[in-house]
Amino acid sequence: MVKRTGARSLSVKIASLKLKNPVMTASGTFGYGEEYAEFIDLNRLGAIVVKGLSITPRLGNPTPRVVETPAGMLNAIGLQNIGVKAFVKDKLPFLRQFKVPVVANFFGDTVHEYVSAARELSKAEGVNALEMNISCPNKQEGWIVFGTDPKSMDGVITEVRKATDLPLIVKLSPNVTDIGRMARVAENAGADALSVMNTIRGMVVDIRRRKPVLANNTGGLSGPAIRPVAVQMVWDTCRAVSIPVIGMGGIMTAGDALEFLIAGAVAIAVGTANFVNPVATLEIIEGIEKFLAEEGVSDINDIIGSLRVNE
């Protein structure tokens with residue numbers, strides 16, 4: 001790696017979406033943006049990814065639906081959200097005042113619901129890209145098949161691609177045998193970028209009651225415990241496709257984020273860390289800047305995909 005001096009560039013590009021730095025927020029951990037505005041300057045983020053949206057509002061799963069684990073947390077929120085129309089009317093105006101790209105995460109129970117949500121969000125002023133959630137393991141209904149069955153994945157992405165001209169990011173499920181194969185399916189169906197990875201299914205048992213702690217029985221594991229798995233999946237995905245990959249899963253520090261970038265991710269998303277430390281995203285941005293200075297690297301793109309594997 002060539003060392004350089006001078007100003008540092010943290011700017012990256014995901015399809016036509018330009019980010020001032022590679023640090024994004026992970027959907028479901030940052031609300032609709034306004035919740036964190038009192039803690040950080042939202043303009044300093046690379047992008048804001050809002051809580052997942054469905055075409056109609058959802059109440060989510062019964063409680064308890066969150067439990068702490070030794071190196072993270074298990075959640076079964078059940079995709080509670082206010083719905084696309086309420087988001088556009090009540091939440092998006094606040095986000096328009098900031099000079100930071102807004103990525104709307106969305107999902108559906110059917111292909112029609114996916115398409116309807118994508119179409120409505122694409123018409124909204126202030127939405128700069130879409131992140132399509134086909135991988136959340138919190139629902140017991142059949143829609144999870146979209147993220148684990150290649151044919152179903154191809155079908156739903158193909159239809160959503162027709163419904164939007166915005167950059168389309170597809171969030172992959174880790175609960176598959178071959179993440180590279182699924183990544184290629186998404187790329188061929190029209191995805192402009194991929195988010196890797198979503199939470200891993202898990203369970204916590206109350207040993208006194210002999211019952212699962214979560215009312216939903218199982219939930220999605222996030223936090224530092226899953227980071228090594230996520231880094232490998234990002235690496236595998238980057239080797240399988242030519243479109244940009246956004247890495248996520250257990251990122252707590254700048255060092256964690258840099259692992260993903262070196263493994264090939266163009267950007268990263270911070271999730272569970274936001275619950276522990278509301279200013280984690282800014283600390284990670286500052287940490288990346290410090291690393292580049294220490295390494296004498298002027299452009300962050302010079303370290304993306306720079307992993308030297310052992311022979």
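The values are calculated or read from the model by the stated rules, or taken from the named source; none is laboratory data. Predicted, not measured: the structure shown is a model, and the values here were computed from it. For neighbour counting, all protein chains shown are included, and Cβ atoms are generated from backbone atoms with ideal geometry for every residue, glycine included.
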Problem set entry | segment 81-134 - residue that is surrounded by 18 or more Cβ atoms within 10 Å (Cβ to Cβ) and of a type in the set (Phe, Trp, Tyr) and, of those, farthest from ALA186 (Cα to Cα) | PHE87
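Identify the residue in segment 288-311 that is charged (D, E, K, R) and part of a helix (DSSP H, G or I) and, among all such residues, is farthest from VAL266 (Cα to Cα).
First, pick out the residues of segment 288-311 that are charged (D, E, K, R): 289-290, 294-295, 299, 302, 308, 311.
Keeping just the survivors that are part of a helix (DSSP H, G or I) gives 289-290, 294-295, 302.
Working: GLU289: 15, LYS290: 18, GLU294: 20, GLU295: 19, ASP302: 11 Å.
This residue is GLU294.
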For this session: May I ask you to list the residues in segment 64-74 that are among the small types (Gly, Ala, Ser) and surrounded by fewer than 17 Cβ atoms within 10 Å (Cβ to Cβ)?
Result: ALA71
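What's the total number of residues in segment 263-276 that are within 16 Å of the chain's Cα centre (by Cα), part of a helix (DSSP H, G or I) and crowded, with 17+ Cβ neighbours inside 10 Å? Explain how you work it out, then say what you get.
To start, the set of residues in segment 263-276 that are within 16 Å of the chain's Cα centre (by Cα) comprises 264-275.
If we keep only those that are part of a helix (DSSP H, G or I) too, we end up with 273-275.
Now narrow it down to the ones that are crowded, with 17+ Cβ neighbours inside 10 Å: 273-274.
Residues that pass the stated criteria total 2.
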Problem set entry | Selection within segment 146-178 - under 23 Å from ALA26 (Cβ atoms), among the β-branched types (Val, Ile, Thr) and modelled with pLDDT under 95 | THR148, VAL156, VAL176
Exercise. Taking segment 28-65, which residues are of a type in the set (Val, Ile, Thr) and within 26 Å of VAL170 (Cβ to Cβ)?
Worked result: THR29, ILE48, VAL49, VAL50, ILE55, THR56
Exercise. So which residues in segment 190-220 are touching a residue at least 24 places away in the same chain (Cβ under 8 Å) and farther than 16 Å from PRO64 by Cα, if there are any at all?
Worked result: GLY190, ALA191, ASP192, ALA193, LEU194, SER195, VAL196, MET197, ASN198, THR199, ILE200, ARG201
Problem set entry | Near pairs, Cβ below 6 angstrom, 6+ apart or cross-chain, from segment 283-311 (at positive phi) to any residue that is part of a loop (DSSP other than H, G, I, E, B) | GLY296/LYS3; GLY296/ARG4; GLY305/GLY264
Problem set entry | Checking LYS139 against (1) at pLDDT below 95; (2) closer than 22 Å to ILE246 by Cα, the condition it does not meet | (2)
Exercise. Is at least one residue of segment 170-190 in contact with a strand residue (DSSP E or B) (Cβ under 7 Å, 6 or more places away or on another chain), among the charged types (D, E, K, R) and crowded, with 21+ Cβ neighbours inside 10 Å?
Worked result: yes
For this session: Go through segment 38-63 and give me each residue that's surrounded by 15 or more Cβ atoms within 10 Å (Cβ to Cβ) and more than 26 Å from GLU113 (Cα to Cα).
Result: ILE40, LEU42, ARG44, LEU45, GLY46
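Could you tell me whether segment 248-259 includes any residue that is more than 14 Å from the chain's Cα centre (by Cα) and free of Cβ contacts under 8 Å to residues at least 24 places away in the same chain?
No, the conditions are met nowhere in segment 248-259.
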Problem set entry | Where VAL279 falls short, out of the listed (1) surrounded by fewer than 18 Cβ atoms within 10 Å (Cβ to Cβ); (2) touching a strand residue (DSSP E or B) at 6+ places or on another chain (Cβ under 7 Å) | (2)
Problem set entry | segment 234-262, residues that are acidic (Asp, Glu) and either under 15 Å from VAL23 (Cβ atoms) or crowded, with 23+ Cβ neighbours inside 10 Å (or both) | ASP256, GLU259
Problem set entry | Any pair with Cβ under 9 angstrom, 6 or more apart, that starts in segment 175-186 at a residue that is in contact (Cβ under 8 Å) with a residue 40 or more places away in the chain and outside any loop (DSSP other than H, G, I, E, B) and ends at one that is among the aromatic types (Phe, Trp, Tyr) and surrounded by 17 or more Cβ atoms within 10 Å (Cβ to Cβ) | none
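Anything in segment 113-128 that is part of a loop (DSSP other than H, G, I, E, B) and charged (D, E, K, R)? List them, or say none.
Our first condition is that a residue be part of a loop (DSSP other than H, G, I, E, B); within segment 113-128, this holds for 123-128.
Hits for segment 113-128 are LYS123, GLU125.
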Exercise. Counting only residues that are assigned to a loop (DSSP other than H, G, I, E, B) and in contact with a Leu (Cβ under 8 Å, 6 or more places away or on another chain), which one in segment 18-27 is surrounded by the most Cβ atoms within 10 Å (Cβ to Cβ)?
Worked result: PRO22
Exercise. In segment 200-227, what residues are closer than 18 Å to ALA257 by Cβ and either touching a helix residue (DSSP H, G or I) at 6+ places or on another chain (Cβ under 9 Å) or among the small types (Gly, Ala, Ser) (or both)?
Worked result: SER222, GLY223, PRO224, ALA225, ARG227
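If I ask for residues that are of a type outside the set (A, V, I, L, M) and either in contact with a Cys (Cβ under 8 Å, 6 or more places away or on another chain) or within 12 Å of GLU131 (Cα to Cα) (or both), which ones from segment 174-207 would you list?
Residues of segment 174-207 that are of a type outside the set (A, V, I, L, M), as a first pass: 174-175, 177-178, 180-181, 184, 187-188, 190, 192, 195, 198-199, 201-202, 206.
Listed by number, the residues that qualify are ASP192, SER195, ASN198, THR199.
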